[in-house]
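No value in this document is a laboratory result; all are computed from the given coordinates. Quick caveat, the model's predicted, so the values are computed rather than measured. Reconstructed Cβ throughout: ideal geometry from the backbone, glycine too, with neighbour counts over all protein chains shown.
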Amino acid sequence: MAQPPADALALYDRTAERLRAALVGRLPPGVGLPNVVTAYAYWVCLNADRPDVAWDQLLQQYTDDALSYAGAEWESEKNEMTALRRILGRAAGPLVDIGAGWGRLAPLYQAAGLRAVFVEPVTLGIRLMRRSGVGPAICARGEHLPCTPNTFGTALIGWVLHHGADGTDSAGVLNEAARVCAPNATLISVEPLSERFTEPRWLDLLAGAGFAVRDVQQLAEITHHRRGTEVHKLAVCSRRSD
């Protein structure tokens, strides 16, 4: 097999092309192929530098995962989008998306009329956002936001905090979110909860950073053959002004 491209953006494009060819016509009815390809190609590329597995093996692994779980993940994402549309429709701007990935939620912010700043530590995500016209896209870690205090009316941290076991300082990310949010600003947190990252741990982290949890919604429950059972939940919080 030919060597994958060394450039991260070229590798993403090659991966997306291969995934699209492998998945077309094979996903459950109603599941959006472009969304699945975008997400899974991104995840393959994030793991492409692992020394223990080759790119073509990763590609096959994620193709198999998409065929097994994309339907359930699509339902979770639909529920997430429905909840976010309702919340963002009455949210104050500007908004900061911490851990924005490839800018997945940009259309929601635009539809809600919210000016958004996208923060992402992975260079590939920044390049994908800039290529698609999403921005401003800032390459930075959530633990060290290059933003002035009390700037944002809303912050969103999606699918980030559970990575604490992989080197993310979850408390640090939330403390930075509290610093850059205005008093009484809204924080939206979305996480896959499991034995590794439990709901009490999640809620303790939010409270410890000065956020009062107003509402918690369950989006989906998915059992994965490697990760076990995950319960996807969304929390809406307010930054305490004290």
How far is it, in nm, from the label point at K78 to the one at R50 when both lie 7 Å from their Cα along the line to the Cβ?
3.0 nm
Translational D in µm²/s for the stretch 159-242 (Stokes-Einstein at 10 °C, 1.306 mPa s, Kirkwood Rh from C-alpha pairs)
121 µm²/s
For R179 and H163 in one chain, what is 0.36 nm times their gap in residues minus the Cα-Cα distance, to one decimal in nm?
3.7 nm
Length-normalised contact order of the stretch 91-239 in % [C-alpha pairs under 8 Å, at least 6 apart]
20 percent
Where both partners of a DSSP beta bridge lie in the chain, what percent of those bridges are antiparallel, to the nearest 5?
55 percent
Trypsin sites (Lys or Arg not before Pro) restricted to DSSP loop in the stretch 81-165 with at most 11 other C-beta within 10 Å
R90
Stretch gain in nm, segment R131-S241, where the contour uses 0.36 nm per residue and the Cα spacing is subtracted
35.8 nm
Quick check on the chain: helices-only [θ] at 222 nm, where DSSP H runs of length 4 and up contribute -39,500 (n - 2.57) each and the sum goes over total residues. Nearest 500, please.
-13500 deg cm²/dmol
Roughly what would the spin-label model give for T148 and H224, points 7 Å off Cα along C-beta, in nm?
4.0 nm
Gain on full stretching of the segment that runs from D215 to A171 - 0.36 nm per residue minus C-alpha separation:
13.8 nm
What list of ³J(HN,Hα) couplings, whole Hz, do you get for the stretch 103-116 from phi and the Karplus terms 6.51, -1.76, 1.60, once you set θ to phi - 60° and write x for glycine and proline?
x, 3, 9, 3, x, 5, 5, 5, 5, 7, x, 9, 6, 10
